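K.L.:
Dropping the structure in here first, questions after.
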Amino acid sequence: MIHPTAIVEDGCILGQGTRVWHFSHLMSGAIVGENCNIGQNVVMMPGARLGNGCKVQNNVSLYTGVVCEDGVFLGPSCVFTNVINPRAFVERKSEYKPTFVATGASIGANATILCGVTIGAYAMVGAGAVVLHDVAPYALVVGNPARQIGWISRSGHRLTFDKDGLATCPETGERYRKSQENDGIEPLAD
């Protein structure tokens, strides 16, 4: 479904079951997976990519170099960048830095993501956060600049770890363990 006010240019790849709402503009070279929802007033530049099942809320611009894997949620008016030191009078298209948002991650409303960072799988960026550095998988980050305040389950619940380094998602019962190999966490197979 493409709303009559939306512009989807020739050369844009749009997956089956994807919906594009009012006043959005998907440029030639943008790639959108299946069953995505593109909200009102969204812009996707050439080379921006969305995996399957992504939800992009209103007023989001995905610039060249922004790549989102499957199941990513982009909250209303969140902001991506693609150049570290922009100037209107200096051409820097050769300096675009890629930004990667891994499977299942969520970015809250009005968050700003500096180009060149990676948001790990199932991470959650709080509303209004300013992300200047990579975010670990399952990490919960908030603030300006964004800092990690905890861990989050795949279904989006804050995790509380016991003395043995184990936590359980209150919704799904999925269990997690603090990793011995790095400072992250990992889901446990049942």
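The values are calculated or read from the model by the stated rules, or taken from the named source; none is laboratory data. Keep in mind it's a predicted model, so treat the numbers as computed, not measured. Using ideal geometry, Cβ is built from the backbone for each residue, glycine included, and neighbour counts are taken over all protein chains shown. These area figures cover heavy atoms from the full protein model, side chains too; ligands, DNA and RNA do not enter into them. Shrake-Rupley method; radii C 1.70, N 1.55, O 1.52, S 1.80 Å.
K.L.:
How are the C-alpha pair distances of the stretch 44-86 spread across 5 Å bins, as whole percents from the shortest bin up?
P.N.:
6, 24, 27, 31, 8, 3, 1
K.L.:
Quick one: dipole size for the stretch 5-162, taken about the Cα centre, charges +1 on Lys/Arg Cβ and -1 on Asp/Glu Cβ, in debye to the nearest 20.
P.N.:
280
K.L.:
Just the number, please: Stokes-Einstein D of the stretch 17-89 in µm²/s, Kirkwood Rh from C-alpha pairs, 37 °C, 0.692 mPa s. Write out the running numbers ahead of the final one.
P.N.:
Working: Rh = 12.2 Å.
D, rounded to a whole number, is 270 µm²/s.
K.L.:
What longest range of the chain stays clear of loop-exposed GluC sites (Glu not before Pro) (DSSP non-H/G/I/E/B, at most 12 other C-beta within 10 angstrom)?
P.N.:
That gives 1-90 as the longest site-free run.
K.L.:
Something else about it: For the chain, build the charge dipole from Cβ charges (+1 Lys, Arg; -1 Asp, Glu) around the Cα centre, then report which of 68, 132, 4 sits farthest towards its positive end.
P.N.:
Of the options given, the answer is 132.
K.L.:
Now for a different question. Got a sec to turn the phi values of the stretch 79-89 into Karplus ³J(HN,Hα) couplings, 6.51 cos²θ - 1.76 cosθ + 1.60 with θ = phi - 60°, whole Hz, x for Gly and Pro?
P.N.:
Using θ = phi - 60°, the values come out as 10, 10, 10, 9, 9, 6, 10, x, 9, 4, 9 Hz.
K.L.:
What list of ³J(HN,Hα) couplings, whole Hz, do you get for the stretch 153-164 from phi and the Karplus terms 6.51, -1.76, 1.60, once you set θ to phi - 60° and write x for glycine and proline?
P.N.:
7, 4, 8, x, 9, 5, 9, 10, 9, 7, 5, 8
K.L.:
Grab the eigenvalues of the alpha-carbon gyration tensor for the chain, scale each by 5, take roots, and send me the semi-axes largest first in whole angstrom.
P.N.:
Three semi-axes, in Å: 31, 20, 13.
K.L.:
Another question about this same structure. Which residues in the stretch 99-113 have a backbone N closer than 16 Å to a point placed 7 Å from the Cα of residue 1 along the Cα-to-Cβ line?
P.N.:
none
K.L.:
Still on this structure: Using θ = phi - 60° and the Karplus relation 6.51 cos²θ - 1.76 cosθ + 1.60, list the HN-Hα couplings for the stretch 9-14 in order, rounded to whole Hz, with x at every Gly or Pro.
P.N.:
Per-residue couplings from phi come out as 5, 4, x, 8, 9, 10 Hz.
K.L.:
Kindly state, to the nearest 0.05, the FRET efficiency for residue 171 paired with residue 23, given R0 = 22 Å and r defined as their beta-carbon distance.
P.N.:
Here the calculated transfer efficiency is 0.05.
K.L.:
Once neighbouring chains are kept in place and the probe is 1.4 Å, which whole percent of the accessible area of the chain is contributed by carbon and sulfur?
P.N.:
Working: 4990 of 9880 Å².
Carbon with sulfur: 50 percent of the solvent-accessible area.
K.L.:
Any idea how far apart residue 91 and residue 179 come out in nm if each label point goes 7 Å out from Cα toward Cβ?
P.N.:
4.2
K.L.:
Whole angstrom only: what separates the Cα centroid of the stretch 100-166 from the Cα centroid of the stretch 1-47?
P.N.:
What the calculation gives is 26 Å, centre to centre.
K.L.:
Something else now. Could you give the length gained by full extension between residue 55 and residue 10, i.e. 0.36 nm per residue of separation minus their alpha carbon distance, to one decimal place?
P.N.:
Residue separation times 0.36 nm, minus the Cα-Cα distance, leaves 14.0 nm.
K.L.:
Near the amide H of residue 62, under 5 Å away, which other amide H atoms are found, from residues 5 or more places off or on another chain, if H is placed in the peptide plane?
P.N.:
Counting only residues 5 or more places away or on other chains, the set is 43, 44, 45.
K.L.:
Would you list, by chain and number, the lysines whose Cα falls below 18 Å from the Cα of residue 178, excluding same-chain residues fewer than 8 positions away?
P.N.:
163
K.L.:
Give me the one-decimal nm value for the distance between modelled label points at residue 186 and residue 110, 7 Å along each residue's Cα-to-Cβ direction.
P.N.:
The modelled label-to-label distance comes out at 3.9 nm.
K.L.:
Can you give the accessible area per residue of the chain, in Å², using a 1.4 Å probe?
P.N.:
Ligands and nucleic acids excluded, the result is 52 Å² per residue.
K.L.:
Amide H of residue 19: which non-local residues (sequence gap of 5 or more, or other chain) have their own amide H closer than 5 Å, using H built in the peptide plane?
P.N.:
Amide H neighbours of residue 19, under 5 Å, 5+ apart: 36, 37, 38.
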